[in-house]
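The values are calculated or read from the model by the stated rules, or taken from the named source; none is laboratory data. Here the structure is a predicted model, which is why all the values come from computation and not from measurement. Reconstructed Cβ throughout: ideal geometry from the backbone, glycine too, with neighbour counts over all protein chains shown. Remember, those area values only see protein heavy atoms, side chains included, never the ligands or the DNA or RNA. Shrake-Rupley method; radii C 1.70, N 1.55, O 1.52, S 1.80 Å.
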Amino acid sequence: MFFRATSAAILTAAEAGVAQAEQRAGLLQEGSYQVQVRLELPNVEAAAATRTTTICVPHGGGTSGVPLPVLSVNNPFAGCPARNVRRSGADLSFDIVCEGRGAAKARATYTLLPGAFEGRIAMVTGGKNMTMSEVQVGRRLGGCDPAGAPPD
């Protein structure tokens with residue numbers, strides 16, 4: 001009797017672990033995402049305008065490039081690689097480090113949800129030494145077109 005109860009408890013725990021792993025794997029699915037973006041500047045509350053854009057997230061959010069890009073207009077991070085990409089459960093974090101002396105750098109932290117994400121990117125621009133944060137809230141719309149572009 002003890003053996004059956006112990007075996008059942010182990011199987012139940014294993015099934016729960018598999019279910020949690022499957023749920024985490026479903027976080028940040030590839031596809032098209034509608035993202036609300038707000039740029040926050042220190043001591044400038046009125047300038048925090050929100051805009052909406054659509055992005056295409058590659059398979060699994062990618063790990064070679066930036067998993068989720070900086071979306072602010074005229075940002076210096078467009079060609080900069082992600083470093084120290086870490087994913088733990090629903091948390092995703094990474095650094096964006098541009099090359100060169102005095103180049104821009106950023107630290108991104110996201111919470112991933114099934115079909116959605118919320119994140120904050122703390123940025124320090126190059127020679128200006130200006131700090132700002134980009135806040136993103138995204139929700140999955142569906143798949144991207146075959147060329148990888150978001151749908152119109």
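This table checks each residue for (1) closer than 19 Å to Gln29 by Cα; (2) touching a residue at least 40 places away in the same chain (Cβ under 8 Å); (3) open to solvent by 80 Å² or more (accessible area, probe 1.4 Å).
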{"position": "Arg107", "(1), (2), (3)": "no, no, yes"}
{"position": "Thr111", "(1), (2), (3)": "yes, no, no"}
{"position": "Gly115", "(1), (2), (3)": "yes, yes, no"}
{"position": "Met123", "(1), (2), (3)": "no, yes, no"}
{"position": "Gly142", "(1), (2), (3)": "yes, yes, no"}
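Starting from residues that are at pLDDT 85 or above and not in a strand (DSSP E or B), keep the ones in region 37-69 and report whichever is nearest to Thr109 (Cα to Cα). Lay out the reasoning, then the answer.
Our first condition is that a residue be at pLDDT 85 or above; within region 37-69, this holds for 37-40, 50-57, 68-69.
Adding the requirement that they be not in a strand (DSSP E or B) leaves 68-69.
On the way: Leu68: 10, Pro69: 12 Å.
My answer is Leu68.
Residue by residue, here is whether (1) more than 19 Å from Val57 (Cβ to Cβ); (2) in contact with a strand residue (DSSP E or B) (Cβ under 8 Å, 6 or more places away or on another chain); (3) modelled with pLDDT under 85 holds:
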| position | (1), (2), (3) |
| --- | --- |
| Leu71 | no, yes, no |
| Pro76 | yes, no, yes |
| Gly79 | no, no, yes |
| Gly89 | no, no, no |
| Phe94 | no, yes, no |
| Val97 | yes, yes, no |
| Gly102 | yes, no, yes |
| Ala108 | no, yes, no |
| Leu112 | no, yes, no |
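It is to be established whether one or more residues within region 81-98 are exposed (fewer than 13 other Cβ atoms within 10 Å of the Cβ) and touching a helix residue (DSSP H, G or I) at 6+ places or on another chain (Cβ under 7 Å).
Keep residues of region 81-98 that are exposed (fewer than 13 other Cβ atoms within 10 Å of the Cβ), which gives 83-84, 86, 88-89, 91.
Right, trim to touching a helix residue (DSSP H, G or I) at 6+ places or on another chain (Cβ under 7 Å) and you get 89.
Within region 81-98, one or more residues are exposed (fewer than 13 other Cβ atoms within 10 Å of the Cβ) and touching a helix residue (DSSP H, G or I) at 6+ places or on another chain (Cβ under 7 Å).
Just checking, does region 16-27 include any residue being of a type in the set (Lys, Arg), modelled with pLDDT under 90, under 22 Å from the mean Cα position of the chain (by Cα) and over 25 Å from Met132 (Cβ atoms)? Outline the logic, then answer.
Residues of region 16-27 that are of a type in the set (Lys, Arg), as a first pass: 24.
Now narrow it down to the ones that are modelled with pLDDT under 90: 24.
After this cut, where a residue has to be under 22 Å from the mean Cα position of the chain (by Cα) as well, the list is 24.
Those left that are additionally over 25 Å from Met132 (Cβ atoms): 24.
Among the residues of region 16-27, at least one is of a type in the set (Lys, Arg), modelled with pLDDT under 90, under 22 Å from the mean Cα position of the chain (by Cα) and over 25 Å from Met132 (Cβ atoms), which makes the answer yes.
If I go through region 73-115 residue by residue, how many of them are more than 20 Å from Val135 (Cβ to Cβ) and part of a loop (DSSP other than H, G, I, E, B)?
Selection size over region 73-115: 9.
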